[in-house]
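Student: Supplied in C-alpha cells, the structure appears directly below.
Values quoted throughout were computed directly from the atomic coordinates according to the rules given, and no laboratory measurement underlies them. From a predicted model like this one, the values you see are computed outputs, not experimental measurements. Here the Cβ positions follow ideal geometry from the backbone for every residue, glycine too, while neighbour counts run over all protein chains shown.
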Amino acid sequence: MDFGNRKYILIFMIVSVLVIFVIRLFYMQARDESWKDRAIRITEKAVVLKPPRGLVYDRNGELLIANQAVYDLMVIPSDIESLDTVSFCNLVSITPEDFIQRMAAIRKAGGSWKAHEFMGQIKPSDYARISEHLHEFSGFFGQPSTMRRYPEGVAPLFCGMVGKVSQKDLDSDEYYDPRDYIGLGGIELAYESELRGTKGIRYFFRDHKGVTMEVAEGRLDSSAIAGEDLYSTLDIDLQEYGELLMQNKKGCIIALEPATGEILAFVSAPGYDPNLLVGRERGANYQKLVQDSLKPLYNRGVQGLYRPGSIWKMVQSLVALQNGFVQPSTRIACNRSIIGCHGPHSYDDLTGAIQHSCNPYFREVMKRMVEQRKLSNRFEDAAQGLDSWRNNIMAFGFGSDLGTDIPGTKTGQVPGKTYYDKIYGESRWAYSTIYSIAIGEGELLITPLQMANLAAIIANRGWYIPPHMVRKIGNSGSKLPEYLEKRETGVDAEHFQVVIDAMQRVVEVDGGTARRARIPGIEVCGKTGTVQNGDLPDHSVFIAFAPKNDPKIAVAVYVEYAGSGGSWAAPINSLMIEKYLNDSISDPKKEERILTASFLEH
Amino acid sequence: MIYSAGFNAEHASIFNIGQEYGKQFMFIGICAVLSVLVLNVEGNFYIQSAWGIYAVTLFMLILVLVIGTEINGAKAWIKMGNFSLQPSEFSKMGTSLALARFIALSKVEFRRFETRLKALAIVGAPAALIVLQPDPGTLLVFVAFILAMYREGLSGNILIFGLGSVVLGVISVLLAFSTFDYPFLGENSGIYILYVIIALIVILLFAFIRVFVLPRYRKRTIVQALVWSVLAIGFVASVDFVMQSDKVLKPHHKDRIQIMLGLIEDPQGKGYNMDKSKMAIGSGGFSGKGYLEGPLTKYNYVPEQSTDFIFTVIGEEWGFLGCVTVLLLFFGLILRIIFIAERQRSRFTRIYAYCVASILFMHLTINVGMVMGLAPVIGIPLPFFSYGGSSLMGFTLLIFILLRLDAERMSVFR
Ligand SMILES: [Zn+2]
C-alpha cells in the first residue's frame, strides 16, 4: 500500500503552522503598539535633573541667599554587602539606632535596587572625611547637591527657609517628588515658583535588575533650568543694623521706601541665624527654636497683632478732616473726666492735639464721626456711623488685606457694627461703649507692617503701594505688576499737611514727646505711641518718616514692654533713619543707650 | 544551500550572546569537522550501524541518570571538564536511524499491530528515559516520530487522536483548575462537568448508531464508540490526575501551562519569562530596533535568551521582517527535507528524512510557539540558533547524515 498522498497532509500541517506563526507575529509586531509602550516603561528610566534654586540679592546687589555645594549620602540597599554597621555609624557620626531607623524608612519606601537618600545635605568639610572611607561600604555613595546658605545670616523671617516637601505639596503639585525641598516662609515661600526653576529629564536604559546603563539615544532630553534670581528690596546693612538695635528686646522694626512700598528692613526680634535651619542639624535646631520661650520663629512684623496706641490719632485726624468733622483750627477742651490725658494743655487745635496726643480731643472727634445724627434711633445711628468710619479706615490697609507678598500676613482687626453686635447684641451698644478705639486702644489690632505702611501713607500724602519683598524677578525682569500700582486711601493730599506739621513738632519742639528722635540736618516727622499693659511696662511705639519734604524712608518701631514710645521706639527709629540716609550715626551715646538696653523680662 | 543560510543566521544571533559566543564558535568549528567526517563515511555505514548508534545513545541516556549533573531540576547533562554533554540531543539521531532501519528493513507490513508496537517501543525506550530526567521538551520532540510513522502508514486516527487529545487536554486543564457550584453537591472541581458532557455525548452516540447505522455495522461501530469513550474519559481523568498531583509534572511546569492558558495572570512571577519574551518580540515592531539595539534582550530582561528564548532576540532586533525571514528559512528547510525524502528510492533514507523533518518541525513549533505565547514555556532549543553544543552537534549529525544518504540515492536501491 502506498501512502504517498499522505505527504500532502503533512505539508499542509507544516504550512498551517507557518501561517499561524506569521499571523501571530504580524499581530504582535506590526499591529499591537502596547508591547512597545510597555517595553519603554520597563527598560527606560527617566532621571530627573534638579535645577539649582535661584539666588536672592539685596537691593544693592549683595547676596542675601546663596547656594552651597553639599553631598547627599545615597544608598542602594541591594548593593550592600557585609556591612560593618559599627564603623559605618562612626564614619557618618550617627548612633546604631539612628542607622536602623533610617534603613527601616528606606525599606518601607521600597525599591531595594533604587538609590535612596540615606543622609542629606552633608557639608563638604564633613563629606571629605566620610568620602575617604566610603568605598569600604558597598552600596553607599555620595551625590553632589546644593543647599541654602545665608552669607550675612540676617533677616531670617524675611528670607524664610526651605525644607522637605510635605505630603500635601506632593499631592497638590506634581512638580515635586519626595526628595525635593520647598520654600517654607518669607521670600522662599512667596516666590517658590520663580526660585525652584524647571526640572530637566534624561532617559537611561536600565537592565533587568534596575541598574542604570547608558543614556538612551534619540529620546527627548531636557536640561534643568536654574531658578530665577531675585533682587529683593532689603538693604542688608540697614537690616543688620536694625537687628543689632533690637538685640535683647522683643518687637520689630519695619522700614519702607514710601514711594515704592519696598521693604528696606524687616526686623523681628529676637531673631535667629537662618544658617541654623539648613543641613543635617536643621531638625534639631528647628526644635530648639520652636521651644524657645522668646518665640524667634514668630513673625511679629506681619503676625503680631498690637493695639496701635497714639499713632492711631493720625489716622483719626485724616479721616475726620477728609469727612469734614474737624478743621485744622477746631479746638476741643481737654476734658479729662471721662478719659485721661497727659501734659500741660487744655484747649488744643488739631496740631496741638496730635502733638500732645490729647485723648479727650480724639474721643470727641470719633464721637462726631460715629454719632452723625442721621438716624433717630441712637443705636442705629451709631452703628451706621461706625461702619462708615470703618470703611474709611480700611482704605488705609487696616483690618483688610494689605496686598503684601509676605506669606502668613494677618489683616488685623478694625471693629465695626457686626463685631460689636456679636459682643453686646444689636442695639445694645453706643459710642460710649466703644470709645476706646478712638485713641488706638480697645479692640483695635494692627500689625507692625500696617504701622509702617501708615507712615508711608502719610509720607506719600494719601497713597501707598503694598509693602513687598522683591523688586526684580530675574536678571532682566521686573517686580510683580501689583507692586507698580498706587492704592489711594481716599484722603486728599491737602489734609496731610496739618498732620505732618504736627508730626514734625512731635520730634522737634522742645516739649514734644519724641525729642529723642531728632537727627541733626534731617527733618523727621513722627508720632509716639505708648500702649498700656495694665501692671506691666507699656509697649513703646514710634512711627516716622524722613525727610519731611522728600520722604525716602518710613519706619515703624514696636518694642514690647519697654516703656513710653518717646524713650525707646523713637530713638531706635531715628537711628534707623539716620543709618539709612546718612550711613553714619551722629550721636554714639544714643546708639550706646539702645544697644545696652534689655527688655526681655516680660 | 538552505542549510548554509541557517548557518549565516547563526552567526548574526550568536554575536548577541557575549561570552557564550566564544564557546559556541568553537562548537561550530567542531561541527564543521564533524560534518566533513559524516559526509565522508559511506551511507551504508549508517544503515548497518543504526542499531549500534541507537544502543550507544540509549546507553548515554541511562548513564546520564547515574552520573549526570542536575541543572534547573533536570538530570540531563554529563559534565566533562568545562563542557556538558546532553545525551538527549543525540538520542534523537539514534532513534531516527533505528526507526528508519526497523520500518524499512522489516519485511513485515507496517500496518500490523505487532510492528507498530515494536516501532513504538523503539521510540518509547529513549522517551521513557527522558521522562526520568525529566525533560518534557525533548519528550514532546519524540512525539514527532508519529508524523514520520504516519507517512509510512500509521493510521491517521493517531493524528486525529493526537489533535483530539490536545483539545480535550486543554479543556480538561481549564476545568480542572476551576471550581463550580454544583446543585446539591456544592463547590467542586469543574472536571466533573466534562465527565457529564462526555457521558451525554456517548448516550447521543449510541442513539445515533441505533438510528442511522446499518445493523450489520452496528456492533463494530458500537465497540469503536465504546473504546473512544473510555479512552476520552481515561485521558481526561489522567490529565486531571497529572494536574492535581505533583509527581508527574513539576509545579513550575503546571504553572506554565496555566499561564499559557490564561488561568494565571502573573507577569512578575511565574509568567515573567513569557511576558518579557512577548514584550521583546512585540516591541520589535515591523523592522526591529536594530542590531544590538534591543534593550530588553541587551539588558537580560528575557531569561534564557541565549538558549530557549533566542527567537526573542531576533524579534526585538530585527522585527517582523527578521522573524518572517528566519521562519521562512526554517520551514523552507523542513519542506526541502520532505522534498528530499520523497525523491529517495531507499525507504530507509525516506523514513530517516521524515524523522529529521518531523523533529525540526516539532522543535520549531514548540519553541517559536512558546516565545510568542502560543505554547507553554517548555525548555526546548531553537535548532542552530540556541546556545548549546550538544544541540548544535545533534542537529548537525541529523542533517549531514541525511545529506550523505541523499548523495547516495542513485547508487542505493533497496
Ligand atoms: Zn489732652
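Student: Past 24 Å, Cα to Cα, is the threshold; run A:Lys410/A:Lys486; A:Lys313/A:Lys579; A:Lys313/A:Lys410; A:Lys50/B:Lys278 against it and keep the listed order. Kindly include the intermediate steps, with their values, before the conclusion.
Tutor: On the way: A:Lys410/A:Lys486 21 Å; A:Lys313/A:Lys579 28 Å; A:Lys313/A:Lys410 22 Å; A:Lys50/B:Lys278 36 Å.
Checking Cα-Cα distances, A:Lys313/A:Lys579; A:Lys50/B:Lys278 exceed 24 Å.
Student: Right, something else. When each pair of different Cα atoms in chain A is counted once in the 1/r mean, what is the Kirkwood radius in angstroms, to one decimal? Intermediate results must be reported in sequence, preceding the final value.
Tutor: Values: mean 1/r = 0.0354 Å⁻¹.
Taking every pair of different Cα atoms in chain A, averaging 1/r and inverting gives 28.3 Å.
Student: Can I ask one more? Across peptide A:416-422, how many C-beta atoms of other chains are within 10 Å of each residue C-beta, on average? Working shown, then result.
Tutor: On the way: counts 0, 0, 0, 0, 0, 0, 0.
Rounded to a whole number, the mean comes out at 0.
Student: I've got another one for you. Can you give the helix-only mean residue ellipticity at 222 nm for the protein assembly as shown, where every DSSP H stretch with n ≥ 4 adds -39500 (n - 2.57) and the sum goes over all residues, rounded to the nearest 500 deg cm²/dmol? Please list the in-between numbers first.
Tutor: Values: 39 runs with 503 residues, N = 1016.
The per-residue figure over the protein assembly as shown is -15500 deg cm²/dmol.
Student: Please work out the FRET efficiency for the pair A:Lys422 and A:Gln532, using the Cβ-Cβ distance as r and a Förster radius of 25 Å; give the result to the nearest 0.05. Don't skip to the end; give the middle numbers.
Tutor: Numbers: r = 25 Å, r/R0 = 0.99.
The formula returns an efficiency of 0.50 here.
Student: Using DSSP to define loop residues, name the trypsin sites (Lys or Arg not before Pro) in segment A:306-401 whose beta-carbon has at most 11 other beta-carbon atoms within 10 Å. Spell out each step's value before the answer.
Tutor: Values: sites: A:Lys313, A:Arg331, A:Arg336, A:Arg363, A:Lys367, A:Arg368, A:Arg373, A:Lys374, A:Arg378, A:Arg390; in loops: A:Arg331, A:Arg336, A:Arg373, A:Lys374.
Qualifying residues, ordered by number: A:Arg373, A:Lys374.
Student: So, one more: In the neighborhood of A:Ile543, defined by Cβ-to-Cβ distances under 13 Å, what is the net charge if each Lys or Arg adds +1 and each Asp or Glu adds -1?
Tutor: Working: positive: A:Lys313, A:Lys527; negative: none.
Within the 13 Å Cβ shell, the charges total +2.
Student: Tell me, Kirkwood radius of the protein assembly as shown from alpha-carbon pair distances, in Å? The partial results should precede the final answer.
Tutor: Details: mean 1/r = 0.0268 Å⁻¹.
Taking the inverse mean of 1/r over all distinct Cα pairs, the protein assembly as shown comes out at 37.4 Å.
Student: Net charge near A:Gly197: determine it from the other residues with C-beta under 13 Å of the C-beta of A:Gly197, scoring Lys and Arg +1 and Asp and Glu -1.
Tutor: Numbers: positive: A:Lys50, A:Arg53, A:Arg196, A:Lys199; negative: A:Asp180, A:Glu192, A:Glu194, A:Glu228, A:Asp229.
Local charge sum for A:Gly197: -1.
Student: Which net charge results when you count Lys and Arg as +1 and Asp and Glu as -1 among the other residues whose beta-carbon is under 15 Å from that of A:Glu136?
Tutor: Values: positive: A:Arg129; negative: A:Asp79, A:Glu81, A:Asp84, A:Glu132.
So the surrounding residues net to -3.
Student: Oh, and also: Given 0.36 nm per residue, what is the gain on full extension from A:Ala104 to A:Gln247 after removing their alpha carbon distance, in nm? Could the numbers behind the result be given before it?
Tutor: Numbers: separation 143, 0.36 × 143 = 51.48 nm, distance 4.41 nm.
Working it through step by step, the gained length comes to 47.1 nm.
Student: Looking at segment A:1-95, which chymotrypsin sites (Phe, Trp or Tyr not before Pro) are DSSP coil and have at most 15 other C-beta atoms within 10 Å of their C-beta? Could you put the intermediate results ahead of the total?
Tutor: Details: sites: A:Phe3, A:Tyr8, A:Phe12, A:Phe21, A:Phe26, A:Tyr27, A:Trp35, A:Tyr57, A:Tyr71, A:Phe88; in loops: A:Phe3.
Hits after loop and neighbour filter: A:Phe3.
Student: Going down the table (B:Lys79/B:Lys118; A:Lys108/A:Lys164; A:Lys114/A:Lys199), which pairs top 22 Å between alpha carbons? Show your work: numbers first, answer last.
Tutor: On the way: B:Lys79/B:Lys118 33 Å; A:Lys108/A:Lys164 18 Å; A:Lys114/A:Lys199 20 Å.
From the list (B:Lys79/B:Lys118; A:Lys108/A:Lys164; A:Lys114/A:Lys199), the Cα-Cα distance tops 22 Å for B:Lys79/B:Lys118.
Student: Please give the contour-minus-distance gain from A:Ala66 to A:Gln327: 0.36 nm per residue of separation, less the Cα-Cα distance, rounded to one decimal in nm. Please report the intermediate quantities before stating the final value.
Tutor: Working: separation 261, 0.36 × 261 = 93.96 nm, distance 5.38 nm.
My answer for the length gained is 88.6 nm.
Student: Which loop-located GluC sites (Glu not before Pro) does segment A:522-602 contain, where loop means any DSSP state but H, G, I, E or B and the Cβ has at most 13 other Cβ atoms within 10 Å? Please report the intermediate quantities before stating the final value.
Tutor: On the way: sites: A:Glu523, A:Glu560, A:Glu578, A:Glu591, A:Glu592, A:Glu601; in loops: A:Glu523, A:Glu560, A:Glu601.
Filter output for segment A:522-602: A:Glu601.
Student: Something else about it: Quick one: if the Förster radius is 30 Å, what FRET efficiency do B:Leu200 and A:Tyr27 give, using the C-beta to C-beta distance and rounding to 0.05?
Tutor: Details: r = 36 Å, r/R0 = 1.21.
It comes to 0.25.
Student: Quote the FRET efficiency, to the nearest 0.05, computed for A:Arg129 versus A:Asp583 with a Förster distance R0 of 41 Å and r equal to the Cβ-Cβ distance.
Tutor: Numbers: r = 43 Å, r/R0 = 1.06.
Using R0 = 41 Å, I get an efficiency of 0.40.
Student: Setting aside same-chain residues fewer than 8 positions from A:Lys422, which aspartates and glutamates have a Cα under 18 Å from its Cα?
Tutor: Candidates past the 8-residue exclusion: A:Glu380, A:Asp381, A:Asp387, A:Glu443.
Student: Could the peptides B:227-239, B:140-152, A:561-573 be put in order, highest first, of the mean number of other beta-carbon atoms found within 10 Å of their residues? The partial results should precede the final answer.
Tutor: Details: B:227-239: 15.5, B:140-152: 22.0, A:561-573: 25.8.
Output ranking for B:227-239, B:140-152, A:561-573: A:561-573, B:140-152, B:227-239.
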